[in-house]
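See structure below.
The values are calculated or read from the model by the stated rules, or taken from the named source; none is laboratory data. Computed from a prediction, not measured in an experiment: that's the story for all the values here. Every residue, glycine as well, gets a Cβ built from its backbone with ideal geometry; the counts of neighbours run over all protein chains shown.
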Number of protein chains: 2
Amino acid sequence: MSTKHTGSQTLTLTSPPSILSCACVGGKMEREGPLSSDFDYIDPDPYCGQTTWEKAESAMLEKAFTLALGKAAMVPSDVQYVFAGDLLNQCISSSFGLRGTGIPFFGIYGACSTMAEGLALAAMTIDGGFADTAAAVTSSHFCSAERQFRTPLEYGCQRTPTAQWTVTGAGAAILSADGPGPYVTHITPGRIVDAGITDTSNMGAAMAPAAHDTISAHFSDLGRSPDDYDLILTGDLGALGSSVLIDLFRADGIELCGRHGDCGAMIYSPDTQDVHSGGSGCGCCASVLCGHIISGMRSGKWSRVLFAATGALMSSTSSQQGESIPGISCAVSLSSTK
Amino acid sequence: MSTKHTGSQTLTLTSPPSILSCACVGGKMEREGPLSSDFDYIDPDPYCGQTTWEKAESAMLEKAFTLALGKAAMVPSDVQYVFAGDLLNQCISSSFGLRGTGIPFFGIYGACSTMAEGLALAAMTIDGGFADTAAAVTSSHFCSAERQFRTPLEYGCQRTPTAQWTVTGAGAAILSADGPGPYVTHITPGRIVDAGITDTSNMGAAMAPAAHDTISAHFSDLGRSPDDYDLILTGDLGALGSSVLIDLFRADGIELCGRHGDCGAMIYSPDTQDVHSGGSGCGCCASVLCGHIISGMRSGKWSRVLFAATGALMSSTSSQQGESIPGISCAVSLSSTK
């Protein structure tokens, strides 16, 4: 019955959908980082005019989606299905941020890999013939994440050197059957990989084995190597997780250095911003992809990008119960040409 | 580019995938209910041999999936993609329950509608040509849900008459391109509908407007009426939410009575079990569908069933911040024949 899969983990899309438009929103820390000019909108107020950080995160997600719609000269009813999720318990940033749109909604949860999962499902929905237009949206917020996953901000907890800083940001991408590109040509959904890491202040180490697993499957399934990409972009492994990933590939005889970039390592300036191992959160790779990367692809800086977002599928409850941290990585291959 | 959608909310699958096998697991309360004999496995121990309720829920989810695999004479590597989610913060029941399978994983969050969302995405993945086999899995647990969403069990909180009882159970369905049926013929993904309900002990009223919206769209898109179905099965509106739904349709001049059933109203005996308005939780409609309903369809009791699961997209944080409760309902049309 099937035509697009070959028994492998990787899907080859027969009519690669286009990223029609995208937009990203950030906060004060993101404005102070090196990618500041790639954001469509920056709100330095952590409350975004709302009364709570959670409502602020929803407002940012809604803003990113509204800006992406505007760039495509669309209204919400032009989008047939939306895939969205976030880090907040029960994904309330997405459901409250999008409840006013009236768009049929698929809630997803891939932790910090959510943007890649959303892109994958939106592209599959279009390539499968189920829609002409679908969207992927996600967000995160430093303040809502800290108090939910770690400690109250007021406590002023000392962060460890391996800790990452949750991005206050959101990204939205609208995909369509036709468009200017970049195009989603291949998808490698990820398996859950648990390397036994239990340190919740070291997400990079917990997620790097999942990125290694997914990117390895992608290379193997398609007979590709790092040379087939201008950029292999991991989600938010940060500085430490990136070095783990590079080491894991070196053990396989594959050199990623020179081709590899990481959204968490790109979004802040480690010399001037106190972010330790880099950025994290659903909004990290979502805002970097929907800003810096897509605009770079459209300007000709990169032609082929493998976007391998990573997520840690734990909760504070699972960690308090002594569980290790399962990682996942979903990879989406983007190309300037079909 | 597209062939299966007509600009409407409802998708018509061109090669309706089959539910190849399914299984459901329950606990002590489910054993005491009227559907007891439809469960594949009952564990009266709320800990399921684990040390915490959350780990017990993961174990139940894993058990349901393992039983479904066994019925299909499959091993995990025979399933190409799995769609799973649950009510626990960051969906840890699913990620921990399935981390050992090695199956490429899509995390989803549709609250108590998760089974329908998973069925929809698994069916779209197969019909879109991306896989021959995909699975949908979900769970809930009374004890893990109570302490996360409401109050510590030890507190012994008095429950209101409109409250529902979270099902301790899990359901798993394996779908394939070919099989004995029932077949997924149509999918109507739901829009988020917020009727302004703020009472977190009245989920039925919060979700009924979403069920009304999705089922109405389904009827309208396909030119169908309740007479086209042997059973219109809502997820877990419970007794009160079901009466709201019937009233909403009566206002449209449509009579559901006689065709309508609700998983939350079916799973317990209100006369002998202290469940107030009925059952709820992802495991409610998942276990009822994967047990009672599918076996009833296979035995010829029902030929066409519209499975419209419902979910409340709130969290305890959103409610504490004064937000109303957004509802969603995803409808999947099941038929004994293609």
Per the list (1) in contact with a helix residue (DSSP H, G or I) (Cβ under 7 Å, 6 or more places away or on another chain); (2) surrounded by fewer than 18 Cβ atoms within 10 Å (Cβ to Cβ), residue check on A:Gly26 breaks on (2)
Q.
Take A:Asp213 and tell me if it is within 12 Å of chain B (Cβ to nearest Cβ), of a type outside the set (Ser, Thr, Tyr), under 20 Å from B:Gly100 (Cβ atoms) and not in a loop (DSSP other than H, G, I, E, B).
A. yes
Of (1) farther than 30 Å from A:Phe130 by Cα; (2) assigned to a helix (DSSP H, G or I), A:Leu61 satisfies every one except (1)
Checked against (1) touching a residue at least 40 places away in the same chain (Cβ under 8 Å); (2) surrounded by fewer than 18 Cβ atoms within 10 Å (Cβ to Cβ), A:Pro17 satisfies every condition except (2)
Across (1) in a loop (DSSP other than H, G, I, E, B); (2) crowded, with 21+ Cβ neighbours inside 10 Å; (3) under 19 Å from the mean Cα position of the chain (by Cα), A:Pro34 clears everything bar (2)
Those residues of region B:85-94 which are out of contact with any strand residue (DSSP E or B) (no Cβ under 7 Å at 6 or more places or on another chain) and either away from chain A (no Cβ under 11 Å) or aliphatic (A, V, I, L, M) (or both) amount to B:Leu88, B:Ile92
In this structure, is A:Lys63 charged (D, E, K, R), modelled with pLDDT under 95 and either in contact with a strand residue (DSSP E or B) (Cβ under 9 Å, 6 or more places away or on another chain) or under 30 Å from A:Arg191 (Cα atoms) (or both)?
no
The condition of being more than 10 Å from every other protein chain (Cβ to nearest Cβ) and either surrounded by 24 or more Cβ atoms within 10 Å (Cβ to Cβ) or touching an Asp or Glu at 6+ places or on another chain (Cβ under 6 Å) (or both) holds, among B:Ala68, B:Ala72, only for B:Ala68
Selection over region A:207-232 where residues are surrounded by fewer than 20 Cβ atoms within 10 Å (Cβ to Cβ) and touching a Lys or Arg at 6+ places or on another chain (Cβ under 8 Å) yields a count of 5
Cβ pairs under 9 Å, 6+ apart or interchain, first in region A:147-158 and touching a residue at least 24 places away in the same chain (Cβ under 8 Å) and of a type outside the set (Phe, Trp, Tyr), second surrounded by 10 or more Cβ atoms within 10 Å (Cβ to Cβ) and not in a loop (DSSP other than H, G, I, E, B), ordered by first then second residue, are A:Arg147/A:Trp53; A:Arg147/A:Leu153; A:Gln148/A:Glu54; A:Gln148/A:Asn89; A:Gln148/A:Ser316; A:Gln148/B:Asn89; A:Gln148/B:Thr317; A:Arg150/A:Ser316
- Return a yes/no flag: does region B:229-239 have any residue that is polar (S, T, N, Q), under 18 Å from the mean Cα position of the chain (by Cα) and within 26 Å of B:Thr12 (Cβ to Cβ). yes
(Q) Suppose the filter is touching a strand residue (DSSP E or B) at 6+ places or on another chain (Cβ under 7 Å), in the same structural domain as A:Leu20 (by TED's automatic domain parsing) and within 19 Å of A:Leu334 (Cβ to Cβ); does A:Ala145 pass it? (A) no
- Task: Might you let me know whether region B:77-84 holds any residue that is away from every other protein chain (no Cβ under 11 Å) and either of a type outside the set (A, V, I, L, M, F, W, C) or more than 18 Å from the chain's Cα centre (by Cα) (or both)?
- Result: yes
| Could you say whether any residue in region B:46-68 is among the aromatic types (Phe, Trp, Tyr), closer than 22 Å to B:Gly279 by Cα and more than 22 Å from the chain's Cα centre (by Cα)? | yes
